[in-house]
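Data first, discussion second: the structure below is written as structure tokens.
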Amino acid sequence: MNDLKGTIGELTMTIQVTRKETGKVEEFKLTGFLDADQLKELQNGSNTLNGGEECGN
Amino acid sequence: MAVTHSTAARNAATDAVTALIGASGNLVFRITGSTVASPSAAAATLPLSATAFGASSSGTATANPITSDTNAAGNASAVAFATIQTSGGTVVIQCAVAASGSDINMTGGLTVASGDTVSCSSLTYTALSA
């Protein structure tokens, strides 16, 4: 049986968190794959191309 | 062997998924342990526009303006998942947003404290990559 694998989807977003205590704004660019295997890679840190990325403070 | 889809097919897949969100859905940031069937605790909940996403172009749909959560529930645990769900709470899209794989190390991950304001200035969804 051939291993036919559809290409995976992804969600990308840029979020800003304004801290209540300090008023400091932190911005993050997040990318998440929707594929289960890719999720595992994200969660165990083996995927260096996707995950959270702090853009600035 | 990977399967390649036409642009029309990718647009159709993306639009089909975003249509499931319906009116007045939410973008929710959640802590670890979340599943589609049983979402984990929400750290922040951001209301989507009445029409959550525009029509897909080149396989990718861009969200219409998203309302900030100006008084986030917060959680001591780091945000681990983002879910997009219907107004009734049914999860349509879920993905991990763990920080451990980042090129830039975010020690402790992204945490949201109670009362923080969480905004989302950009959100795109792609059902099938090219």
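The values are calculated or read from the model by the stated rules, or taken from the named source; none is laboratory data. Fair warning: this is a prediction, and the values are worked out from it, not measured in the lab. Glycine also receives a Cβ, built like all others from the backbone with ideal geometry; neighbour counts cover every protein chain displayed.
The residues on offer are B:93, B:21, B:84, and the sole one that is in a loop (DSSP other than H, G, I, E, B) and not small (Gly, Ala, Ser) is B:21.
Residues that are modelled with pLDDT of 95 or more, out of contact with any Ser or Thr (no Cβ under 6 Å at 6 or more places or on another chain) and part of a strand (DSSP E or B) within the range B:96-119 comprise just one, B:118. Of all the listed residues (B:21, B:31), the sole one being in contact (Cβ under 8 Å) with a residue 12 or more places away in the chain, under 17 Å from residue B:124 (Cα atoms) and of a type outside the set (Asp, Glu) is B:21. In the range A:14-31, the qualifying residues are those that are among the hydrophobic types (A, V, I, L, M, F, W, C) and within 18 Å of residue B:116 (Cα to Cα), and the one that is nearest to the chain's Cα centre (by Cα) is A:28.
Only one of the numbered conditions (1) at the interface with chain A (Cβ under 8 Å from one of its Cβ atoms); (2) touching a Lys or Arg at 6+ places or on another chain (Cβ under 7 Å) is not met by residue B:120, and that is (2). No other residue among B:53, B:81 is within 15 Å of residue A:32 (Cβ to Cβ), among the aromatic types (Phe, Trp, Tyr) and either modelled with pLDDT under 95 or touching a strand residue (DSSP E or B) at 6+ places or on another chain (Cβ under 8 Å) (or both) apart from B:81. The set of residues in the range A:15-41 that are part of a strand (DSSP E or B), modelled with pLDDT of 90 or more and hydroxyl-bearing (Ser, Thr, Tyr) contains only A:18.
Listed here are the residues, each with its yes/no results for (1) farther than 17 Å from residue A:31 by Cβ; (2) at the interface with chain A (Cβ under 10 Å from one of its Cβ atoms).
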{"position": "B:20", "(1), (2)": "yes, no"}
{"position": "B:40", "(1), (2)": "yes, no"}
{"position": "B:46", "(1), (2)": "yes, yes"}
{"position": "B:68", "(1), (2)": "yes, yes"}
{"position": "B:85", "(1), (2)": "yes, no"}
{"position": "B:94", "(1), (2)": "no, yes"}
{"position": "B:111", "(1), (2)": "yes, yes"}
